[in-house]
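The values are calculated or read from the model by the stated rules, or taken from the named source; none is laboratory data. All values reported here derive from a predicted model rather than from experimental measurement. Cβ: placed from backbone, ideal geometry, glycine included. Neighbour counts: every protein chain shown. The accessibility values were calculated without ligands, DNA or RNA, using every heavy atom of the protein model including side chains. Shrake-Rupley method; radii C 1.70, N 1.55, O 1.52, S 1.80 Å.
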Amino acid sequence: MALLALLEVDNVSRRFGGIVALDAVSFTAEAGEIVGLIGPNGAGKTTAFNVITRLYTPDEGDVRFNGETLLETPPSGIIQRGIARTFQNVELFRGMTVLDNVRVGAHARAGEQRPEDVLFYVNLHSVRHRSPLELPYATQKRVELARALASGPQLLLLDEPAGGLSHEEVEQLGKFIKRLRDDFELTILLVEHHMGLVMSVANRVHVLDFGEKIAEGTPSEIQSNPAVIEAYLGAPA
Amino acid sequence: MRSRLWLELSGFTLLALAVAALPRFISDFRARELAIVGMYFIALIGLSILTGYSGQISLGHGAFMAIGGYTTAVLSVNGVYGHQIRDLWTIPIAGVIAGLAGLLVGVPALRLSGLYLALITFGIAVSFPQLPKKFDHFLGGTTGKILDLAKPPFGLATTPNNWMYYLTWGIALVLLGAAWLLVRGKTGRALKAIRDSEVAAASSGVKLATYKTLAFGISAFYAGVAGSLYAIANAYVNPDVFPIILSVYLVVGLAVGGLESLVGLIAGAGLIYFLQNHADTVARWINQLPALNLDPKQPGIPSMIFGVVLIVVMLLLPTGAGGVARRLFGSLTTRFYTRS
């Protein structure tokens, strides 16, 4: 157990009307780790992301980053604290070029990363003057990633980066995420449905089911955890 | 995109040259007409920043024009502590007062969007004309206030109409340049980001409330300057000078010009002036068609012409004049770009 985790989600609950999206969930991410957050549809993974990035305020609990609470920071201040994210269903600025999308990523933290350099890194420099709408879905996800990197974050939240990728591309993405962590000295929190990807890149995995955390451990521990298997495959008959 | 920058700069220079040279070739009366087109253009630039860039609709911009016009009237007729201010110097003040009113409207607008924002701003347009009637001592009631006739300052040897033309288009070019700098920089990107995705903009560190309110303020500043010029050119203000329908015309001009195209707005401004004042000409054109015989003088015909032309224009040019220009010049810039 490290002295201080970079990100601490501490007993967070969030309800929407009668639905409990997160029920006293706690997990941590330590500096330099790639942490997987998995669970069936509706388990609360994206809600957890939205709580960390302050789009939602938790009903109970606290979220701390570098030991200080995030709950007093407005959504637009999160990136200043060093947290950047991508979105599950691609939230790009449709009316702007790829380059301008990435420049907005550097809006609050200009000078951390040059947008042009980031575009070279993710291999999108040649399409920088195109509209993101002209690009395939998987490439749009890469534009979002570049936008997140442009702020020079400490913590990167990736929401289903493998969406729309072929089998080979997912393998490449796994290597790319590790390289990203090393090159930008990042901590990465990864929400993903693609089990193979999570198991190959994550140092630790947290499993959510119906808003509750049901397991935590290394990928191999998770794979053999009966509660996880039950959540994914249903209770044995 | 360097080629795009050069294209825009040379376009701006050409426009400035055309503006400077035009009065040599047109009558004094046409100069006056074009001055009024210039005023609509200024108001439309502001509306474009608000609606085209930040994605907030306003059906109340006629009210901000009215605030600008009345500010000029009060300052130059009533004066401040008995000192009447020369009409020229009231223009920036009118812009600032209208801008402050815009900031004020921008705050409740934060909680609303789409149809609701349209209704609230339309409410402002509807209720504003009642203010001069209520405060008739100060604002002149329904009769309004009469200003001194505009005349060229510093003994410039030009007609009042030419003076209004140069004044309006001089200001329009400066404000066009300012808007261009604004929208192509960090502020413009932040506004467009908010328009396209509020969650992604916020997560990228864009302060939504600040930028959305700012857009309202800037936009109302432009409308205020336009209204001030309109008051000076007309030499009087009353509630009918800024009717409710003016707000609707402005939105029409924006749609015709193209939401995001600053220069295309000149076409929008021209169309709303033309259709308001020359609908009878259009009626005569239409009468060239077989089996049609509209009486151009009949009441209702101008409004009908306005509506029909608007429908035809929007069907033919759904992205406005700016969209057409982008299609023409867009291919040009991409070609430059891929060659370099």
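Calculated FRET efficiency, A:GLN223 to B:VAL199, Cβ-Cβ distance, R0 = 22 Å: about 0.05 to the nearest 0.05. Amide H contacts under 5 Å for B:TYR236: B:LEU147, restricted to partners 5 or more places along the chain or on a different chain, H placed in the peptide plane at 1.01 Å from N.
On full extension, the segment bounded by B:PHE135 and B:THR210 gains 23.7 nm, given 0.36 nm per residue less the C-alpha separation. Ranking A:VAL9, A:PHE87, A:ASN41 by Cα position along the charge dipole of chain A, where only Lys, Arg, Asp and Glu carry charges on their C-beta atoms, puts A:PHE87 farthest toward the positive end. Neighbouring Cβ atoms from other chains, within 10 Å of the Cβ of residues in A:90-102, number 4 on average. Using alpha-carbon positions, what is the distance between the centroids of the range A:161-237 and the range B:14-83, in Å? Here the two parts' Cα centres lie 59 Å apart. Per-residue packing, averaged as other Cβ atoms within 10 Å, sorts the ranges B:193-202, B:139-148, A:217-226 into the order B:193-202, B:139-148, A:217-226, beginning with the highest. Normalised by 2.2 N^0.38 Å, where N counts its residues, the alpha-carbon radius of gyration of the protein assembly as shown equals 1.18.
Projecting label points 7 angstrom from Cα along Cα→Cβ for B:THR142 and A:TYR232 puts them 7.8 nm apart. Here the range B:2-339 is described by how far its Cα atoms reach on the three principal axes: 59, 55, 43 Å, from widest to narrowest. Remark: the range B:235-247, residue by residue, has Karplus-estimated 3J(HN,Hα) of 6, 7, 10, 8, x, 6, 5, 10, x, 4, 5, 4, 4 Hz, where x stands for each Gly or Pro and the curve is 6.51 cos²θ - 1.76 cosθ + 1.60 at θ = phi - 60°. Residues in the range A:131-172, backbone N under 14 Å from the label point at B:LYS186 (7 Å along the Cα-to-beta-carbon vector): list them, ranges by number please. Inside the label zone: A:151. Working from Cα pairs under 8 Å separated by at least six residues, relative contact order for chain A is 26 percent.
Model label points for B:SER3 and A:HIS193, set 7 angstrom from Cα along the Cα-to-Cβ axis, are 4.1 nm apart. Over chain A, DSSP H runs of length four or greater, each weighted -39,500 (n - 2.57), average out per residue to a 222 nm ellipticity of -9000 deg cm²/dmol. Taking a Cβ cut-off of under 13 Å around A:ILE52, the surrounding Lys, Arg, Asp and Glu residues balance to a net charge of +2, with basic ones at +1 and acidic ones at -1.
What the protein assembly as shown shows is 46 Å² of accessible area per residue, with the surface traced by a 1.4 Å probe over protein heavy atoms. Here the accessible area of the range B:2-339 is 68 percent carbon and sulfur, with a 1.4 angstrom probe and all protein chains present.
Take the Cα of A:SER26, step 7 Å toward its Cβ, do the same at A:GLU134, and the gap between the two points is 5.2 nm. Applying 1/(1 + (r/R0)^6) with r as the Cβ-Cβ distance of A:GLU60 and B:ALA178 and R0 = 56 angstrom yields a FRET efficiency of 0.70. Using a 1.4 angstrom probe on protein heavy atoms only, the contact between A and B buries about 1800 square angstrom of accessible area, both sides summed. Peptides B:275-284, B:219-228, B:19-28 ranked from most to least packed, by the mean per-residue count of other Cβ atoms within 10 Å: B:219-228, B:275-284, B:19-28. For the pair A:ASN123 and A:GLU212, a Förster radius of 45 Å applied to the C-beta separation gives a FRET efficiency near 0.70, rounded to the nearest 0.05. Taking the DSSP beta bridges with both ends in the protein assembly as shown, the antiparallel portion is around 60 percent.
Going from the isolated chain to the complete set of protein chains, the range B:186-202 loses at least 30 Å² of heavy-atom accessible area (1.4 Å probe) at B:LYS186, B:ARG189, B:LYS192, B:ALA193, B:ASP196, B:SER197, B:VAL199, B:ALA200, B:ALA202. For the range A:44-77, accessible area lost to neighbouring protein chains reaches 20 Å² or more, against the chain alone with a 1.4 Å probe, at A:LEU55, A:PRO75, A:SER76. As a length-normalised measure over Cα pairs under 8 Å and 6 or more apart, the relative contact order of the range B:2-339 settles at 29 percent.
The sum of -39500 (n - 2.57) across all DSSP H runs of n ≥ 4, divided by the residue count of chain B, sets its helix-only mean residue ellipticity at 222 nm to -23000 deg cm²/dmol.
At 1.4 Å probe size, with the rest of the protein present, what percent of the exposed accessible area of the range A:40-134 is carbon and sulfur atoms?
For the range A:40-134, the apolar C and S fraction of the accessible surface comes to 40 percent.
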